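What follows is a short report on a single structure.
The values are calculated or read from the model by the stated rules, or taken from the named source; none is laboratory data. No experiment lies behind these values; they were computed from the predicted model shown. As a convention, Cβ positions derive from the backbone with ideal geometry for all residues, glycine included, and neighbour counts pool all protein chains shown. Areas reflect the complete protein model, heavy atoms only, side chains present, ligands, DNA and RNA absent. Shrake-Rupley method; radii C 1.70, N 1.55, O 1.52, S 1.80 Å.
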Amino acid sequence: MKKIFLGISVVLTGILLAACGSVDNLSNDTINSGSSKAKTQLTGQTNASYYQGVIKNGRYQTSKSRGVSVQQESNQFNIKGFENGLLNISKKEFSTKKYVFQEGQYLSTDRVENWLGRKSKSNPTGLNPKKSKSTNPNTRTPVYLSQISEQDFMTRNGKSLSLQGMTIGLAINSVDYYKKKQYGPTYETHISNAEISREGKKIAGQVLQRLRKNKKLKNIPIVIALYKQASDDSLVGGNFFAYSTNNKGSNSIDKWTKVKQKNYVFPLQSNKKGPSQNDEDSFDNFKSQVQTFFPNLSGVTAQAQYTDGALNGMNINITTQFYSQTEIISFTQYIQSAAQKYLPANAPIDITVQSTEGIQSFLSRKENEKKFSAHIFNSY
């Protein structure tokens with residue numbers, strides 16, 4: 001069942017991977033190490049919310065278990081939500097001002113593949129339960145653990161970087177998809193929230209104990225975060241629901257911090273209720289204004305994320321068909337005005353305008369800013 005897929009790279013967000021190594025003047029963009037052959041370059045920071053990364057010998061150093069999953073992910077929102085959300089949890093414990101980011105260098109592809117497998121005689125380290133004889137969706141033992149992600153955090157110590165912390169993300173299925181026979185139909189086993197929490201925390205304890213057996217990981221803080229994956233047909237990704245910070249030398253998890261996070265798709269389905277009627281009305285008014293202005297719209301939808309009932313951010317997608325560059329310019333300018341007037345204030349919002357030919361324009365407003373910036377894509 002195991003397959004390797006190309007994960008969503010966090011390079012584009014300015015989080016280039018760092019490698020442990022000797023460095024000289026860390027205040028410079030380009031740094032020479034003690035060896036003339038080994039050069040380490042700091043990426044710099046586009047803003048304080050991103051970690052500074054390190055490129056070693058001019059090469060991007062990817063994770064040693066990059067892209068490993070129990071099965072090919074068909075919901076790309078899960079991948080993005082898992083990676084971005086894990087980074088946000090890391091920032092709670094490892095400040096972007098103090099730490100340098102390094103993608104996972106301690107969990108290899110082979111090890112993660114074995115851990116993601118079912119436990120068996122041939123795979124004693126499997127973190128998923130043994131396969132049951134039953135193939136009934138309601139009585140079979142599902143695969144709980146779907147993804148493992150490792151993030152390493154370094155600090156500067158004189159002329160070197162040293163590992164000072166680690167975050168591990170564990171993605172737990174809410175629906176386990178399986179086949180009773182090869183090339184047969186796909187069946188679903190739905191997993192309750194209580195079961196997701198129970199099994200996720202159980203697996204987390206096992207992972208922590210295994211990590212501590214590595215001498216290099218024995219005396220560093222290790223954060224373990226649990227993510228509930230959305231179903232394959234969901235229009236939004238899953239969400240983190242708990243994380244634990246384990247201090248130096250701790251081999252067991254004694255305390256969990258709850259994460260009250262949930263994702264929504266606007267407009268909401270008639271049978272669903274969101275956390276804020278004001279936000280729903282704001283989006284509906286914006287959508288109505290946009291659809292009135294331009295006749296050839298295929299759809300206006302939004303992904304919205306809430307933590308503790310407060311809006312974290314919103315990604316709006318507008319799909320349409322343009323016939324001229326002047327239409328794109330006029331439409332984008334109108335959206336900029338309507339967004340500022342109707343959409344919820346203070347929260348970060350991204351708006352993507354696209355057609356069958358690709359992205360036509362992009363608008364964005366950061367947290368607590370009043371005005372939207374806009375960019376129209378031209379061709380020559």
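Structure values in brief
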| quantity | calculated |
| --- | --- |
| Positive minus negative residues near Lys180 (Lys, Arg vs Asp, Glu; Cβ under 15 Å) | +3 |
| Length-normalised contact order for the chain - Cα pairs under 8 Å, 6+ apart - percent | 10 percent |
| Percentage relative contact order, region 203-269, counting C-alpha pairs under 8 Å, at least six apart | 30 percent |
| Å³ per residue enclosed by the Cα convex hull of the chain | 184 Å³ |
| Hull shadow area, averaged, region 245-310 [alpha-carbon convex hull, nm²] | 7.4 nm² |
| For region 266-380, alpha-carbon Rg over 2.2 N^0.38 Å | 1.05 |
| Share of carbon and sulfur in the accessible heavy-atom surface of region 235-324 [1.4 Å probe, %] | 44 percent |
| Equivalent ellipsoid semi-axes - Cα gyration tensor, region 115-267, angstrom | 31, 20, 14 |
| Angstrom value of the Kirkwood radius, inverse mean 1/r, which spans all Cα pairs in region 100-202 | 15.9 Å |
| Accessible surface of region 56-200 [probe 1.4 Å, protein heavy atoms]: carbon and sulfur percent | 45 percent |
| Sequence ranges 175-187, 142-154, ranked by mean other-Cβ count within 10 angstrom, highest first | 142-154, 175-187 |
| Nearest-0.05 FRET efficiency for Gln76 and Asn278, computed from C-beta distance (R0 30 Å) | 0.50 |
| Theoretical ellipticity at 222 nm over the chain - DSSP helices of four or more residues, -39500 (n - 2.57) apiece, nearest 500 | -7000 deg cm²/dmol |
| Per-peptide average of other Cβ atoms within 10 Å, ordering 264-270, 350-356 highest first | 350-356, 264-270 |
| Alpha-carbon centroid distance for the pair region 165-195 / region 138-157, whole angstrom | 13 Å |
| Solvent-accessible surface ranking, highest first, for Tyr227, Tyr243 at 1.4 angstrom | Tyr243, Tyr227 |
| Inter-site label distance for Arg59 and Ala194 at 7 Å from Cα along Cβ, in nm | 5.1 nm |
| Percent accessible area from carbon and sulfur atoms, region 329-380, protein chains only, probe 1.4 Å | 47 percent |
| Relative contact order, percent, region 285-345 [alpha-carbon distance under 8 Å, six or more residues apart] | 35 percent |
| Accessible area per residue in Å² at 1.4 Å probe, computed on the chain | 53 Å² |
| Listed residue pairs exceeding 28 Å between alpha carbons, taken from Lys91/Lys201; Lys121/Lys262; Lys119/Lys272; Lys218/Lys255; Lys56/Lys215; Lys258/Lys341 | Lys121/Lys262; Lys119/Lys272; Lys258/Lys341 |
| Beta bridges per DSSP with both ends in region 111-248, % antiparallel, nearest 5 | 75 percent |
